[in-house]
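These notes are about the structure you will find just below.
The values are calculated or read from the model by the stated rules, or taken from the named source; none is laboratory data. What you see is a predicted model; the values in this text were computed from it and never measured. Please note: Cβ atoms are built from the backbone with ideal geometry, for glycine as well, and neighbour counts cover all protein chains shown. Remember, those area values only see protein heavy atoms, side chains included, never the ligands or the DNA or RNA. Shrake-Rupley method; radii C 1.70, N 1.55, O 1.52, S 1.80 Å.
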Amino acid sequence: MNILIISEYILVLALLFMMFVALRLAAREGISNALIGCSVLNLVSALLLIVMGNLLSIEFCKDIAFPLIFIGVVGTIAYAIVLRRT
């Protein structure tokens, strides 16, 4: 096997572990914990889409992942501004 393919599989396992950590963080008490957990979950799912799209040669995964990343970051910043005002 190619070393790049092996490293992509290791990256997928690390991203899945990070998803579980983000879910645990999102389930804790507090609005800021939930905000950070959901933001990390959004980012990890987008990265997982990109990596799996490369592994399985699916072209439309990047088309889905890039708006997820952009909208997730903008939404997190907007919600943090609203949270700071209250």
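Some points to look at:
Rundown of residues vs (1) over 14 Å from residue 12 (Cβ atoms); (2) open to solvent by 80 Å² or more (accessible area, probe 1.4 Å), yes/no style:
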| position | (1), (2) |
| --- | --- |
| 40 | yes, no |
| 48 | no, no |
| 53 | no, no |
| 57 | yes, yes |
| 60 | yes, yes |
| 70 | yes, yes |
| 78 | yes, no |
| 83 | yes, no |
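- Number of the exception - residue 34 against (1) crowded, with 16+ Cβ neighbours inside 10 Å; (2) under 28 Å from residue 82 (Cβ atoms); (3) small (Gly, Ala, Ser): (1)
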